[in-house]
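Colleague: Take this structure first; my questions come after.
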Amino acid sequence: MSITRESEKLYKIGAYVKRAKLNLRNEKDIRAFHRGIFESQYGGLEDGELVDVYIDITGHKETSKRPEMLRLMRDCADGKVNLIVAETKGYLAANIQELCYWLHFIFNLNDRVDIITDDDIDTIRSEDNQREVLMKMAEDYIYLNPPDHQKWLSGVVSAIANLGEDG
């Protein structure tokens, strides 16, 4: 299986899942289940490797309060991950504000990071310039309230800095 039409780029894949704490029955089984799904789907790619599966089990909607999302963002910023995959864009952010701020962060890293969700985001194969459209949406949203975006960004950067090496 190949992600791209040309197998010239090696994708370093970070798979992300967010589950509500309310639905939690057995955290260990949920983590193993999701890890297994992503390993079977992305484990044997010709042009990519599954770096890690990031699973938040939380009731928090805010990015700054989701440790695995923060770890994924840090790994993207450090160049360890350059493709984020998720079942749905709803896993990436709980609302349009969080999504726009998150997209702006991800798309403005030094190294390009792409996103694929099963529902409708694909910034690699998109023939309708999806990456550019998403970036414009994020920038237009940020333009409405730059101080709020700065507050969000400061909170996220601080939370990432407080993760530590393992976390």
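Colleague: To the nearest 10 square angstrom, how much accessible area does residue 158 have with a 1.4 angstrom probe?
Modeller: Looks like 60 Å² after rounding.
Colleague: Hey, can you find the accessible area per residue of segment 2-155 for me, probe 1.4 Å, expressed in square angstrom?
Modeller: Ligands and nucleic acids excluded, the result is 53 Å² per residue.
Colleague: Among the trypsin sites (Lys or Arg not before Pro) within segment 76-167, which fall in a DSSP loop and have no more than 11 other Cβ atoms within 10 Å of their own Cβ?
Modeller: On the way: sites: 80, 89, 112, 125, 131, 136, 151; in loops: 80, 112, 125.
When the trypsin sites (Lys or Arg not before Pro) of segment 76-167 are filtered for loop state and at most 11 Cβ neighbours within 10 Å, 125 remain.
Colleague: For segment 15-134, which whole-number percentage of the solvent-accessible area (1.4 Å probe, protein heavy atoms only) is attributable to carbon and sulfur atoms?
Modeller: 45
Colleague: Okay, next question. How would 98, 49 rank on accessible area, largest to smallest, probe 1.4 Å? Let's see the in-between values first.
Modeller: Values: 98 15, 49 90 Å².
Putting 98, 49 in descending order of accessible area: 49, 98.
The values are calculated or read from the model by the stated rules, or taken from the named source; none is laboratory data. Only a predicted model underlies this, so the values are computations on that prediction, with no experimental measurement involved. Glycine also receives a Cβ, built like all others from the backbone with ideal geometry; neighbour counts cover every protein chain displayed. Just so you know, the surface numbers come from the protein's heavy atoms only, side chains and all, with ligands and any DNA or RNA stripped out. Shrake-Rupley method; radii C 1.70, N 1.55, O 1.52, S 1.80 Å.
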